[in-house]
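**Student:** I'd like to ask some things about the structure below.
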Amino acid sequence: MSAPNTQSASAEGLDLVFWNPSGYRWNGPGDWNQWRYIPDGLGGEIGIRFGVSAGFGTFDWNLGGVPPRGSVNDGTGASSFGKNEQTGMASKSVNAIRMQANKQFTGARNNFTVELDFSRYKGSRVGGKDGVAGANTLVGVSDIYAGLTYAKTTVTITGTLEGGGAASPAGWKLYNGGVAPNTSGGNQPSAQLSLVNGVLQGTNRPAPGGQANSIDTVMGLVRLDAAGCKTLRLSYDLYPMPGSWGPRVDNSGLYVASAFPRKPAEPPKPVEPPKAQEPPKAAEPPAKPATPTVVIKDPGKPGTTTSYTYTVKNPDGSIAGKGCFTYETPADGGPPKLVAFYYHDKVVGTINQSNVQTFYFDGEGDDKRFTFVTGTPAKGICSLTADTTLPAQLTGIGGEGPQSYLGKTIDFPKVATGTTVAEESTSVPQVDLVVVIDSSVSMKDEADALNQAVAAAIEAAKTKCPSDLRVTYLGIEGTFKNTRFETTVRNYLTDVAKADEAALRGRKKGTVSGGGAQEDGARAIEDVITHYDWRPSAKRAVFFLGDEAFEGGGNVDKDDIAEANRAIDAAKKNDVRVHTYLGTSGAKEKQRKALEDEFARVATETGGKAFTSKDALNGFQALLEKVICGSKSSTATTTEFCCCQEYVESEG
């Protein structure tokens, strides 16, 4: 057995580039054992997939956990990175894929695996081979239980070499970070990690500044060796400590970084003795600057000032730079005079009127044209040339100019307009949300899970966007015990909203064969829209949960479509958005597709969103945030165009 490897960083400095998981999101159960590839920060990609070890049941993130997602400039990683044994390392952004294990132990412990594929990795950028994670590749973890109080997490790392053999962790190095900020409840993640025989786990050794009785670990980075790995496999096992079987959260971060060894600073050159000074030459008179050639064709009113703005675009259409110019038409006649010129991009910086050598502008007529030639303050580029009548519209002359400006185009100038600023109201918005569920037997197994997911999403959305939110949970001609669906649509509308029962279109339970009345989704939506006691100024939304067609269940037919159309019309007339969720069902593929299309149509045509059982209802939180945050009132004010310099140098 090898000894614990907790070597400190060597004297060499490392500049780290972390992978870029900003676009990574867990899409649902379909992501299990599926490779997803994210940028490695070097021009290549790193594959990642999640699985469950043999002998364990299906891991369900919805049991109180949070599925994996990208975390750019990750909080814990950024705060502990570069401290303690990571001294000498630097990075612009510490990025992670962060995940949260279930809040309950499943089969005595939680278990999941993370596999990394380096076949597309640009290892050559850091002195190694492409397709191999080598001596300048680091993998890190953070926020795992140290095993002193509540639970213990072990991460077993294995891998395959380039030739297919098993990787050995004997030559790997572990660098521990410093203490992270306090977590809620006063707990301070402070335990350092140990690496023994390829197993990462927390220790009873606190990070400097941390508490002695640590709970969570801080960020640790494992540096691989020159043997290199084609793949890595991290197996996470979360055990409860004896006598501590209550719900626990294991909120883990996974990091991958590439290291550029920093070159040591060169010793200072010896100071040369001062040379004998020559007597100063007689000062020559400064050269008179050449008068720029300016032609502006504009039959504007005498005594007026006009500004135009324009943009320069990259070959892919993104904005590369912005420009602006202003001219005055003299009150006593004569040609317009250029009084301001500014252009700015990241290559040359800011160019102003003093750099203008020639300028021509004709915004109308047969010779509609905008051209200019300017000097630039940028090193290696002596001038810029623009001409909207040429295919190569913007050119940098000299040094790296032609390369830097290859393929760039310039839009024809537009008259400058004022700035519109929206001021958000500080008042708390009112939002009425009615959650309606098909109460047939087929929905019973989903009712509790849906109930918990929707409730959690609502609470999270309320926290992010404070609002006067009123939520009502209703079942169609039935209820589900031990859930929030304790009242039927009919009872609420007649008893609370004081609706005339004869005006309701929903059919009573027992009047339709099977569970038909309990599956009258469209009728229930229409009744809620028409008769619910909406608050006058509240934003209105209905969230319908079901697993069969809108009219009495079953498959989609003309009656279902007709009833759905009635619900859509009612929603539009009463300004109500309808969101839908299609649960699991025994429908065949063709019928299932028809159900998905119809549920999506009702949502889309009313301005809502559609979910299916393939989607995590965590997405409902983002939907609620849009409903709540989007309901805030705002006022817009417009100010006159200020000046060219402010426009050009402002961001956006």
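**Student:** State whether the residues of region 456-468 include one that is among the hydroxyl-bearing types (Ser, Thr, Tyr), within 22 Å of ARG535 (Cα to Cα), modelled with pLDDT under 90 and surrounded by 14 or more Cβ atoms within 10 Å (Cβ to Cβ). Walk me through it before giving the result.
**Tutor:** Our first condition is that a residue be among the hydroxyl-bearing types (Ser, Thr, Tyr); within region 456-468, this holds for 463, 467.
With within 22 Å of ARG535 (Cα to Cα) added as a condition, the list becomes 463, 467.
Now narrow it down to the ones that are modelled with pLDDT under 90: 463, 467.
Among the residues that remain, those that are also surrounded by 14 or more Cβ atoms within 10 Å (Cβ to Cβ) are: 467.
Taking every residue of region 456-468 in turn, at least one turns out to be among the hydroxyl-bearing types (Ser, Thr, Tyr), within 22 Å of ARG535 (Cα to Cα), modelled with pLDDT under 90 and surrounded by 14 or more Cβ atoms within 10 Å (Cβ to Cβ).
**Student:** Now a separate question. Among strands (runs of 3 or more DSSP E) lying entirely in region 290-339, which contain 2 or more residues that are farther than 17 Å from PHE359 by Cβ? Spell out how you get there, then give the answer.
**Tutor:** Details: elements: 293-297, 305-313, 319-328.
Of the strands (runs of 3 or more DSSP E) lying wholly inside region 290-339, those with at least 2 residues that are farther than 17 Å from PHE359 by Cβ span 305-313, 319-328.
**Student:** Same structure again: When residues of region 495-525 are filtered for being over 46 Å from the mean Cα position of the chain (by Cα) and assigned to a helix (DSSP H, G or I), how many remain?
**Tutor:** Residues flagged as over 46 Å from the mean Cα position of the chain (by Cα) and assigned to a helix (DSSP H, G or I) within region 495-525 amount to 3.
**Student:** Please enumerate the residues belonging to region 56-89 that are modelled with pLDDT under 85 and either touching a strand residue (DSSP E or B) at 6+ places or on another chain (Cβ under 6 Å) or under 22 Å from TRP35 (Cα atoms) (or both).
**Tutor:** Residues satisfying the conditions are PHE56, GLY57, THR58, PHE59, ASP60, TRP61, ASN62, GLY65, VAL66, THR76.
**Student:** Still on this structure, I have one more. Quick check on my filter: what residues within region 69-84 are in contact with a Gly (Cβ under 8 Å, 6 or more places away or on another chain), open to solvent by 50 Å² or more (accessible area, probe 1.4 Å) and outside any helix (DSSP H, G or I)?
**Tutor:** Result: LYS83, single match.
**Student:** Hey, could you check region 414-445 for residues that are out of contact with any Phe, Trp or Tyr (no Cβ under 9 Å at 6 or more places or on another chain) and hydrophobic (A, V, I, L, M, F, W, C) and say which is modelled with the highest pLDDT?
**Tutor:** This residue is VAL431.
**Student:** Give the number of residues within region 551-610 that are under 19 Å from ASP432 (Cα atoms) and in a loop (DSSP other than H, G, I, E, B).
**Tutor:** 6
**Student:** Quick one: THR530 ticks every box in (1) touching a strand residue (DSSP E or B) at 6+ places or on another chain (Cβ under 9 Å); (2) buried (at least 16 other Cβ atoms within 10 Å of the Cβ) bar one, so which box is it?
**Tutor:** (1)
**Student:** For GLN621, which of the numbered conditions (1) surrounded by 16 or more Cβ atoms within 10 Å (Cβ to Cβ); (2) modelled with pLDDT of 90 or more fails to hold?
**Tutor:** In the conditions (1) surrounded by 16 or more Cβ atoms within 10 Å (Cβ to Cβ); (2) modelled with pLDDT of 90 or more, GLN621 misses (2) alone.
**Student:** While we're looking at this one, here's another question. Looking only at region 16-29, count how many residues are open to solvent by less than 60 Å² (accessible area, probe 1.4 Å) and at pLDDT below 90.
**Tutor:** Filtering region 16-29 for residues open to solvent by less than 60 Å² (accessible area, probe 1.4 Å) gives 16-19, 21, 24, 26, 28.
Right, trim to at pLDDT below 90 and you get 26, 28.
The total comes to 2.
**Student:** Residues to consider are ARG540, ARG535; find the one that is assigned to a loop (DSSP other than H, G, I, E, B) and within 16 Å of ARG577 (Cβ to Cβ).
**Tutor:** On the way: ARG540 fails: assigned to a loop (DSSP other than H, G, I, E, B).
The match here is ARG535.
**Student:** Is there any pair linking a residue in region 578-589 that is touching a residue at least 60 places away in the same chain (Cβ under 8 Å) to one that is open to solvent by 10 Å² or more (accessible area, probe 1.4 Å) and among the hydrophobic types (A, V, I, L, M, F, W, C), with Cβ under 6 Å and at least six apart or on different chains, and which?
**Tutor:** TYR581/PHE611
**Student:** Moving on to the next point. Only one of these is at pLDDT 90 or above, among the hydrophobic types (A, V, I, L, M, F, W, C) and touching an Asp or Glu at 6+ places or on another chain (Cβ under 9 Å): LEU174, LEU138, LEU161. Name it. Walk me through it before giving the result.
**Tutor:** Working: LEU138 fails: touching an Asp or Glu at 6+ places or on another chain (Cβ under 9 Å); LEU161 fails: touching an Asp or Glu at 6+ places or on another chain (Cβ under 9 Å).
After ruling out the rest, the residue left standing is LEU174.
**Student:** Another question, then. Got at least one residue in region 283-299 being touching a Leu at 6+ places or on another chain (Cβ under 7 Å), open to solvent by 50 Å² or more (accessible area, probe 1.4 Å) and either under 16 Å from TYR360 (Cβ atoms) or modelled with pLDDT of 85 or more (or both)? I'd like the intermediate steps shown before the answer.
**Tutor:** Going through region 283-299, the residues touching a Leu at 6+ places or on another chain (Cβ under 7 Å) turn out to be 294, 296.
Those left that are additionally open to solvent by 50 Å² or more (accessible area, probe 1.4 Å): 294.
Subset that is either under 16 Å from TYR360 (Cβ atoms) or modelled with pLDDT of 85 or more (or both): 294.
The answer is yes, given that some residue of region 283-299 is touching a Leu at 6+ places or on another chain (Cβ under 7 Å), open to solvent by 50 Å² or more (accessible area, probe 1.4 Å) and either under 16 Å from TYR360 (Cβ atoms) or modelled with pLDDT of 85 or more (or both).
**Student:** Within region 119-141, count every residue that is closer than 14 Å to LYS173 by Cα, among the small types (Gly, Ala, Ser) and in a loop (DSSP other than H, G, I, E, B).
**Tutor:** Residues meeting the conditions: 2.
**Student:** For region 568-586, does any single residue satisfy the condition of being at pLDDT 90 or above and out of contact with any helix residue (DSSP H, G or I) (no Cβ under 9 Å at 6 or more places or on another chain)?
**Tutor:** Checked against the condition, which is being at pLDDT 90 or above and out of contact with any helix residue (DSSP H, G or I) (no Cβ under 9 Å at 6 or more places or on another chain), region 568-586 yields at least one hit.
**Student:** Looking only at region 147-156, filter to residues that are touching a Pro at 6+ places or on another chain (Cβ under 9 Å) and in a strand (DSSP E or B); which one of those is modelled with the highest pLDDT?
**Tutor:** LYS152
**Student:** I'd like to check something: does region 472-494 contain any residue that is part of a helix (DSSP H, G or I) and among the β-branched types (Val, Ile, Thr)? Don't jump to the end; show me each part of the working.
**Tutor:** Within region 472-494, the first condition is being part of a helix (DSSP H, G or I), and the residues that meet it are 489-494.
If we keep only those that are among the β-branched types (Val, Ile, Thr) too, we end up with 489, 494.
Among the residues of region 472-494, at least one is part of a helix (DSSP H, G or I) and among the β-branched types (Val, Ile, Thr), which makes the answer yes.
**Student:** Check whether at least one residue in region 380-398 is among the charged types (D, E, K, R) and open to solvent by 60 Å² or more (accessible area, probe 1.4 Å), and report yes or no.
**Tutor:** As a first pass, look at region 380-398 and keep what is among the charged types (D, E, K, R): 387.
Within this subset, residues satisfying the condition of being open to solvent by 60 Å² or more (accessible area, probe 1.4 Å) are none.
Taking every residue of region 380-398 in turn, none turns out to be among the charged types (D, E, K, R) and open to solvent by 60 Å² or more (accessible area, probe 1.4 Å).
**Student:** Checking the structure you have, find out if any residue of region 349-371 is within 40 Å of the chain's Cα centre (by Cα), among the β-branched types (Val, Ile, Thr), surrounded by fewer than 19 Cβ atoms within 10 Å (Cβ to Cβ) and modelled with pLDDT of 85 or more. Spell out how you get there, then give the answer.
**Tutor:** Of all residues in region 349-371, those within 40 Å of the chain's Cα centre (by Cα) come to 349-352, 370.
If we keep only those that are among the β-branched types (Val, Ile, Thr) as well, we get 350-351.
Add one more test, that the residue is surrounded by fewer than 19 Cβ atoms within 10 Å (Cβ to Cβ), and what stays is 350.
Going one step further and asking which of them are modelled with pLDDT of 85 or more, we end up with 350.
Looking through region 349-371, at least one residue is within 40 Å of the chain's Cα centre (by Cα), among the β-branched types (Val, Ile, Thr), surrounded by fewer than 19 Cβ atoms within 10 Å (Cβ to Cβ) and modelled with pLDDT of 85 or more.
The values are calculated or read from the model by the stated rules, or taken from the named source; none is laboratory data. Computed from a predicted structure; not experimentally measured. All Cβ positions, glycine included, derive from the backbone under ideal geometry; neighbour counts span all protein chains shown. Only protein heavy atoms, including side chains, enter the accessible area calculation; ligands, DNA and RNA are left aside. Shrake-Rupley method; radii C 1.70, N 1.55, O 1.52, S 1.80 Å.
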